[in-house]
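Student: Can you keep this structure in mind? I'll have questions shortly.
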Amino acid sequence: MSTTSGTSSEFSNNFRNELQSELERDLEAAGATGLVTAEQLLTMSNPSANAGRFELIEGVVKAMASAGSEHGKIASRILTRLVVFVEENDLGETYAAETGFLIARDPDTVRAPDAAFLSHQSLAKVESDGGFLPLAPDLLVEVVSPGDFFSSVEAKTRQWLEAGTRVVIVADPANQTLRVYFPKQDSQTFGVGDRFSAGDVCGGWQVDVNDIFRIGT
């Protein structure tokens, strides 16, 4: 048992070191000194350049490890239901995990939710060149991983809301809950047997807690 734990810890440390080395090489190649721009981050995030995933927080690059299977499973269920509803009702566009949104400039901040929705009306306000979209999603989903700190999740949620997101859904597989945040309102928590409606933000799209977490099946 101790041997397995030690091996796992050593692998994790080696992975973090390799990811940090990748990041340092990318920064050097980009000629980055001091704060990093969204344009430089886009080059670093290119799969042909490295195996890492990055976000940009006020000009500082944050390396991110890949999500675990439970995280990916819950994110996929929510996104699948969101995609079907949005496309059937022609409401706008949906975006999968790792899609970066440029939500602040000078210094730049680029964050990536686990799922996101933008209405046709919101998309009509910006031009996109295929890079990071320069606005916050109307609605987005963040799935909590076992290693996430509550304070970090709260801080990221506040960033989204301050940037213009109207609904942030935080899915917590450990507690089987959805915590929903709105601008200038108290958050709401939905548990077993509950159903959340996004209302006019996403054409009345609803999320069933039991369905997402496979409760009672």
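Student: Within the bounds of the range 136-148, is there any residue that is out of contact with any strand residue (DSSP E or B) (no Cβ under 6 Å at 6 or more places or on another chain) and either among the hydroxyl-bearing types (Ser, Thr, Tyr) or within 16 Å of Leu56 (Cβ to Cβ) (or both)?
Tutor: Start the filter on the range 136-148 by keeping residues that are out of contact with any strand residue (DSSP E or B) (no Cβ under 6 Å at 6 or more places or on another chain), which leaves 145-148.
After this cut, where a residue has to be either among the hydroxyl-bearing types (Ser, Thr, Tyr) or within 16 Å of Leu56 (Cβ to Cβ) (or both) as well, the list is 145.
Checked the range 136-148: at least one residue is out of contact with any strand residue (DSSP E or B) (no Cβ under 6 Å at 6 or more places or on another chain) and either among the hydroxyl-bearing types (Ser, Thr, Tyr) or within 16 Å of Leu56 (Cβ to Cβ) (or both).
Student: (1) assigned to a loop (DSSP other than H, G, I, E, B); (2) out of contact with any Pro (no Cβ under 6 Å at 6 or more places or on another chain): which one isn't true of Val126, the others all being true?
Tutor: Of everything listed in (1) assigned to a loop (DSSP other than H, G, I, E, B); (2) out of contact with any Pro (no Cβ under 6 Å at 6 or more places or on another chain), Val126 misses just condition (2).
Student: Could you list all residues from the range 170-210 that are assigned to a helix (DSSP H, G or I) and hydrophobic (A, V, I, L, M, F, W, C)?
Tutor: If the condition is that a residue be assigned to a helix (DSSP H, G or I) and hydrophobic (A, V, I, L, M, F, W, C), then Val201, Cys202, Val209 are the ones that fit.
Student: Scan Leu56, Leu82 and give me the residue that is in contact with a Cys (Cβ under 8 Å, 6 or more places away or on another chain) and modelled with pLDDT of 90 or more.
Tutor: Values: Leu56 fails: in contact with a Cys (Cβ under 8 Å, 6 or more places away or on another chain).
Answer to the selection: Leu82.
Student: Does the range 134-143 include one or more residues that are free of Cβ contacts under 8 Å to residues at least 60 places away in the same chain and touching a Leu at 6+ places or on another chain (Cβ under 6 Å)?
Tutor: yes
Student: Name the residue, out of Asp90, Asp106, that is of a type in the set (Asp, Glu), touching a His at 6+ places or on another chain (Cβ under 9 Å) and without any contact (Cβ under 8 Å) to a residue 40 or more places away in the chain. Explain how you work it out, then say what you get.
Tutor: On the way: Asp106 fails: touching a His at 6+ places or on another chain (Cβ under 9 Å).
One residue alone meets the criteria, Asp90.
Matching residues to (1) modelled with pLDDT under 95; (2) surrounded by 14 or more Cβ atoms within 10 Å (Cβ to Cβ):
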residue	(1), (2)
Ser151	yes, no
Thr165	no, yes
Pro173	no, yes
Lys184	yes, no
Gln188	no, no
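Student: I would also like to ask the following. Can you pull out every residue in the range 154-163 that is surrounded by fewer than 19 Cβ atoms within 10 Å (Cβ to Cβ) and touching a strand residue (DSSP E or B) at 6+ places or on another chain (Cβ under 8 Å)?
Tutor: To start, the set of residues in the range 154-163 that are surrounded by fewer than 19 Cβ atoms within 10 Å (Cβ to Cβ) comprises 154-156, 158-159, 161-163.
Once the filter is applied, which keeps residues that are surrounded by fewer than 19 Cβ atoms within 10 Å (Cβ to Cβ) and touching a strand residue (DSSP E or B) at 6+ places or on another chain (Cβ under 8 Å), the range 154-163 yields Lys156, Gln159, Leu161, Ala163.
Student: Note down all Cβ pairs under 9 Å where the first residue falls in the range 70-83 and is crowded, with 18+ Cβ neighbours inside 10 Å, the second is assigned to a helix (DSSP H, G or I) and modelled with pLDDT of 95 or more, and they're at least six residues apart or on different chains.
Tutor: That search, which allows pairs on different chains as well, returns Ile74/Ile212; Ile74/Phe213; Arg77/Asp211; Arg77/Ile212; Arg77/Phe213; Ile78/Ile212; Leu82/Cys202.
Student: Something else now. Yes or no: the range 94-108 includes at least one residue that is modelled with pLDDT of 95 or more, over 13 Å from the mean Cα position of the chain (by Cα) and assigned to a helix (DSSP H, G or I).
Tutor: no
Student: While we're looking at this one, here's another question. Being under 13 Å from the mean Cα position of the chain (by Cα) and either farther than 20 Å from Ala198 by Cβ or in a helix (DSSP H, G or I) (or both) is the filter here, so list the residues in the range 159-169 that pass it.
Tutor: Selection gives Gln159, Trp160.
Student: Being outside any loop (DSSP other than H, G, I, E, B) and closer than 21 Å to Phe213 by Cα narrows it down to one of Lys156, Lys62, Lys73, so name that one. Walk me through it before giving the result.
Tutor: Working: Lys156 fails: closer than 21 Å to Phe213 by Cα; Lys62 fails: closer than 21 Å to Phe213 by Cα.
None of the others qualify; the one that does is Lys73.
Student: Do the conditions hold for Gln121, that is, is it at pLDDT 90 or above, more than 21 Å from Asp148 (Cβ to Cβ), in a helix (DSSP H, G or I) and not assigned by TED's automatic domain parsing to the domain that holds Phe196?
Tutor: Values: at pLDDT 90 or above: yes; more than 21 Å from Asp148 (Cβ to Cβ): yes; in a helix (DSSP H, G or I): yes; not assigned by TED's automatic domain parsing to the domain that holds Phe196: no.
It is false that Gln121 is at pLDDT 90 or above, more than 21 Å from Asp148 (Cβ to Cβ), in a helix (DSSP H, G or I) and not assigned by TED's automatic domain parsing to the domain that holds Phe196.
The values are calculated or read from the model by the stated rules, or taken from the named source; none is laboratory data. On a predicted model such as this, the values are computed, not experimentally measured, just so you know. Here Cβ is always computed from backbone atoms with ideal geometry, including for glycine, and neighbour counts include all displayed protein chains.
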